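> Questions regarding the structure given below will be posed in turn.
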Amino acid sequence: MNRVVIVTGAANGIGRGIANRYAHNGDKVILADIDVEAGTKQTLELQEQGKEAFFIKTDVRIEQDIKNLINQTYQTYGKIDILINNAGKGLFKSPFDVTVEEWDDVIQTNLRSVFLCSREAARYMKQSGGSIVNIASTRAMMSEAHSEGYAATKGGIVAITHALAASFSEYQITVNAISPGWIETGNYEELRKEDHDQHFSKRVGTPTDIANACLYLTDSKNNFVTGINLVVDGGMTRKMIYEE
């Protein structure tokens, strides 16, 4: 495809799956992550398979790291076609115990980074258009206890997505969100039947499911789709459950 794709949080989990999918699609992939060991290992694996990929250490809480990521990518390839804002962390702790430092950390990692990465990438994308996908969560719409920080950031991502779609529309830049449900990034074989049966799809999701959604939203043929939140959860948020 010869597109230039940046994936944040690309060294592990969903981000790893997304980066691999774009690389195997024939795109040039920039893996951005704070985890140097995992990011470097994955990049080498892709390069050994004949894929074009390189790693840039990036702490998305730091504005200068983000600017370096975007600028270095543009200096290398002369364009940026796609940005996948995937980097994030959890904060699952009683609201009575969450410190201001912990709250600020999750906000900066999950939400502020989406704004900063999108803004810096759009400075170059606006020359010829592009696509941005923000990874939110079904936790933007539903919650368990003690998840306020995480829920707030994911809800914010859904909202900032349509705001950015409006702001960037004049530059032919599409901006969409994906809200994954249960995506298993560990040992899939250890999941139980009852885990799978919670879904209309009768299975728990995998990173490939999210990667495929990213490919759809960043395909230039689908540029009529912008400003949306695509829920990819096997139907779990639409399944009515009564306790017996």
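The values are calculated or read from the model by the stated rules, or taken from the named source; none is laboratory data. Note that the structure is a prediction, hence the values are computed from the model and not measured. Cβ: placed from backbone, ideal geometry, glycine included. Neighbour counts: every protein chain shown. Accessible surface areas use protein heavy atoms only, side chains included; no ligands, DNA or RNA. Shrake-Rupley method; radii C 1.70, N 1.55, O 1.52, S 1.80 Å.
> Cβ-Cβ distance below 9 Å, separation of 6 or more or different chains: which pairs start in the stretch 84-105 with a residue that is under 23 Å from Ile14 (Cβ atoms) and end on one that is among the aromatic types (Phe, Trp, Tyr) and modelled with pLDDT of 95 or more?
Ile84/Tyr22; Gly88/Tyr150; Lys89/Tyr150; Gly90/Tyr150; Leu91/Trp103; Leu91/Tyr150; Phe92/Tyr150
> Do you know which residues across the stretch 115-128 are assigned to a loop (DSSP other than H, G, I, E, B) and open to solvent by less than 10 Å² (accessible area, probe 1.4 Å)?
Within the stretch 115-128, none qualify.
> Within the stretch 69-80, can one find any residue that is in contact with a Cys (Cβ under 7 Å, 6 or more places away or on another chain), within 21 Å of Arg123 (Cβ to Cβ), of a type outside the set (Phe, Trp, Tyr) and outside any helix (DSSP H, G or I)?
Taking every residue of the stretch 69-80 in turn, none turns out to be in contact with a Cys (Cβ under 7 Å, 6 or more places away or on another chain), within 21 Å of Arg123 (Cβ to Cβ), of a type outside the set (Phe, Trp, Tyr) and outside any helix (DSSP H, G or I).
> What is the one condition in (1) within 13 Å of the chain's Cα centre (by Cα); (2) part of a helix (DSSP H, G or I) that Asn134 does not satisfy?
Only one criterion is unmet by Asn134, namely (2).
Residues checked against (1) within 18 Å of Gln108 (Cβ to Cβ); (2) touching a residue at least 24 places away in the same chain (Cβ under 8 Å):
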| residue | (1), (2) |
| --- | --- |
| Gly9 | yes, yes |
| Gly15 | yes, yes |
| Asp33 | yes, yes |
| Ala38 | no, yes |
| Ile56 | no, yes |
| Asn68 | yes, no |
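> What tally of residues in the stretch 94-114 results from selecting those that are hydrophobic (A, V, I, L, M, F, W, C) and either surrounded by fewer than 14 Cβ atoms within 10 Å (Cβ to Cβ) or under 19 Å from Thr218 (Cβ atoms) (or both)? Let's see the steps before the verdict.
Step one: of the stretch 94-114, the residues hydrophobic (A, V, I, L, M, F, W, C) are 96, 98, 100, 103, 106-107, 111, 114.
Those still in the list that are either surrounded by fewer than 14 Cβ atoms within 10 Å (Cβ to Cβ) or under 19 Å from Thr218 (Cβ atoms) (or both) too: 96, 100, 114.
Number satisfying all stated conditions: 3.
> Now, a different point. Hand me the list of helices (runs of 4 or more DSSP H) wholly inside the stretch 138-244 holding 2 or more residues that are open to solvent by 80 Å² or more (accessible area, probe 1.4 Å). Lay out the reasoning, then the answer.
Details: elements: 148-168, 193-197, 207-217.
By residue number, 148-168, 193-197.
> Return the residue satisfying two criteria in turn: it lies in the stretch 81-92 and is assigned to a loop (DSSP other than H, G, I, E, B) and touching a helix residue (DSSP H, G or I) at 6+ places or on another chain (Cβ under 7 Å), and of such residues it is surrounded by the most Cβ atoms within 10 Å (Cβ to Cβ). If you could, list the steps in order and put the result at the bottom.
Residues of the stretch 81-92 that are assigned to a loop (DSSP other than H, G, I, E, B), as a first pass: 81, 86-92.
Next cut, touching a helix residue (DSSP H, G or I) at 6+ places or on another chain (Cβ under 7 Å) only: 86-92.
On the way: Asn86: 28, Ala87: 24, Gly88: 24, Lys89: 16, Gly90: 14, Leu91: 20, Phe92: 12.
Within the stretch 81-92, the match that is surrounded by the most Cβ atoms within 10 Å (Cβ to Cβ) is Asn86.
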